[in-house]
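Worksheet: the structure to be examined is printed underneath.
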Amino acid sequence: MKYQALKGMSDILPGEVRKWQFVEKRTRHFLESRGFQEIRTPILEQTELFQRTIGEASDIVHKEMYTFEDRGGRSLTLRPEMTAGVARAAIEHHLLRSGIERLYYMGPMFRAERPQAGRRRQFHQIGAEILGAGGAEQDLELLLLADGLLKYLGVPGVRIKVNNLGSRAERQKYENEIRKYFSGHEKELCADCKFRLEKNVLRIFDCKVEDCQGMIERAPKMVLDISEKHFQEVLHGLKQEGVDVIVDHRIVRGLDYYNFCVFEVTAEGLGSQDAICAGGRYDGLLKDLGGQEGGACGFALGVERLLMALSSGANPLEKMMSDRTVYFASSVGFPGARERVTNKENEILLKLIESGIRVIVGKRTADIREHLKKANEAHARFCLIRGSVEASKKKVAVKDLASRIQEEIDEDKIVEYFLSKEIKSR
Ligand code: ATP
Ligand code: MG
């Protein structure tokens, strides 16, 4: 019997994990520098939490959740997204007592979808939430955060589309209006849209089927009042900050809890699954979950798609990482390859890691050619050698794999050496 990982769920092997760590680390730096703090919530929650917030008629609750009964007969669900869990935790632990709370998270989510490139059953999101935030100022902050993060990470071809879904009351009124309109064309709608018409009519705008497009184009537009002032303030703020966005009335989002300003971000190099990040305002969610009255907004970024986009640009991720990576070749010239990292080596390597340099410790071998081959395969820019000759002199040798120049440095000056070369991990 041979076992395999479940369909749509990937093993992430060491060479690949390095890219994840690189992106996660930079993301933490960026989000924390903007005042967001990490929150970690359980992967399992009560099914009802998602039904209540995401909505029974959404694709997620309707057909994508991994739901099962536990031994006590309770219905549990593997989280398909994290906003509901974060909101639940914030209420449960009274995080909003002292005003606005800025939180971020990263971790696996689960949806039973048809797997394809950029669409997995276990996938990973990085997200940020601003809880207890009513004003346009926070929508603006959130959009600038998403835009800033994607730029900081070097994502190519970022395009932000925004839309105003209206206040809850405006949205409800509009839903009634377009329900009437689409009901008049029911026969012409595709099967999915027929379902949406009954359960979640706004989602018809998200349909990609050719035959539905004409009807969608001719549908009445939403009449907006209070929410439009809010929306215009956000657009104005973005303009002042020099961030280009496209207003697109077809951005409706698949989750019930959104209102006011919503957005989706696409990037280059992703093929047909080109949405990399999405979010918006979800006023009312905190109250629905038994918390205080108060607005909130947030976004989620797909890490698999992020990595795909970063591998496709002009300055691919591997190149960015390479310049900050040191491969450590040990055991060179020692009689017999030693299997472990010695305390002195560990001291040197830890100092490098703590100063932000990525270190890959090579498998033990006395053969320097084998080490250099591995260093190249691992896309390291530098090879650090502390063989028997160097160790006896309290030195290390550093070979720049790009220029092929090798230098000898005092073993206690190694961090200063790399910092002076500006290879510090950003
Ligand atoms: P899509 O329209 O691509 O299904 P979505 O609207 O369902 O996306 P959200 O729930 O808003 O997506 O999640 C935000 C981001 O998470 C998406 O933009 C995408 O990058 C990522 N994402 C969502 N579902 C998956 C999945 N099954 N596999 C990989 N990434 C995903
Ligand atoms: Mg989806």
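Could you go through segment 305-326 and let me know if any residue there is more than 24 Å from the chain's Cα centre (by Cα) and not charged (D, E, K, R). Within segment 305-326, one or more residues are more than 24 Å from the chain's Cα centre (by Cα) and not charged (D, E, K, R).
The single residue among LYS373, LYS394 that is more than 24 Å from LYS19 (Cβ to Cβ) and surrounded by fewer than 17 Cβ atoms within 10 Å (Cβ to Cβ) turns out to be LYS394.
Any residue at all in segment 70-89 that's away from ligand 1 (no atom under 16 Å from the Cβ), aliphatic (A, V, I, L, M) and at pLDDT 95 or above? Looking for residues that are away from ligand 1 (no atom under 16 Å from the Cβ), aliphatic (A, V, I, L, M) and at pLDDT 95 or above, one finds at least one in segment 70-89, hence yes. Kindly check whether there is at least one residue in segment 155-178 that is among the β-branched types (Val, Ile, Thr), within 16 Å of ligand 2 (Cβ to nearest atom) and open to solvent by less than 80 Å² (accessible area, probe 1.4 Å). Looking for residues that are among the β-branched types (Val, Ile, Thr), within 16 Å of ligand 2 (Cβ to nearest atom) and open to solvent by less than 80 Å² (accessible area, probe 1.4 Å), one finds none in segment 155-178, hence no. For segment 230-264, filtered to residues that are of a type outside the set (Gly, Ala, Ser) and free of Cβ contacts under 8 Å to residues at least 40 places away in the same chain, the residue that is surrounded by the fewest Cβ atoms within 10 Å (Cβ to Cβ) is GLN240. Screening ALA296 on (1) open to solvent by less than 20 Å² (accessible area, probe 1.4 Å); (2) away from ligand 1 (no atom under 16 Å from the Cβ); (3) assigned by TED's automatic domain parsing to the domain that holds LEU131 shows it passes everything except condition (2). Residues that are under 14 Å from the mean Cα position of the chain (by Cα) and either closer than 28 Å to GLY295 by Cβ or more than 9 Å from ligand 1 (Cβ to nearest atom) (or both) within segment 268-283 comprise ALA275, ILE276, CYS277, ALA278, GLY279, listed in sequence order. Checked against the criterion of being within 16 Å of ligand 1 (Cβ to nearest atom), under 29 Å from ARG203 (Cα atoms) and in contact with a strand residue (DSSP E or B) (Cβ under 9 Å, 6 or more places away or on another chain), segment 52-60 contains not a single residue that satisfies it.
When GLU92 is tested against (1) surrounded by 21 or more Cβ atoms within 10 Å (Cβ to Cβ); (2) over 28 Å from LEU6 (Cβ atoms), exactly one condition is not met: (1). Residue check: SER272 meets all listed conditions (1) more than 16 Å from ligand 2 (Cβ to nearest atom); (2) open to solvent by 40 Å² or more (accessible area, probe 1.4 Å); (3) of a type in the set (Gly, Ala, Ser) but one, namely (1). In segment 67-153, counting only strands (runs of 3 or more DSSP E) that sit wholly within it, the ones holding 3 or more residues that are away from ligand 2 (no atom under 16 Å from the Cβ) and under 30 Å from GLY271 (Cβ atoms) span 101-110, 122-131.
Does THR41 satisfy the condition of being within 19 Å of the chain's Cα centre (by Cα), within 12 Å of ligand 1 (Cβ to nearest atom) and hydroxyl-bearing (Ser, Thr, Tyr)? Considered against the rule, which asks whether it is within 19 Å of the chain's Cα centre (by Cα), within 12 Å of ligand 1 (Cβ to nearest atom) and hydroxyl-bearing (Ser, Thr, Tyr), THR41 comes out as no. For the criterion of being more than 25 Å from GLY55 (Cα to Cα), more than 27 Å from the chain's Cα centre (by Cα) and more than 16 Å from ligand 1 (Cβ to nearest atom), GLU217 passes.
The values are calculated or read from the model by the stated rules, or taken from the named source; none is laboratory data. Treat the numbers as computed from the prediction; the structure is a model and nothing was measured. Cβ sites come from the backbone with ideal geometry, for glycine too, and all protein chains shown count toward neighbours. SASA here: full protein model, heavy atoms, side chains in, ligands and nucleic acids out. Shrake-Rupley method; radii C 1.70, N 1.55, O 1.52, S 1.80 Å.
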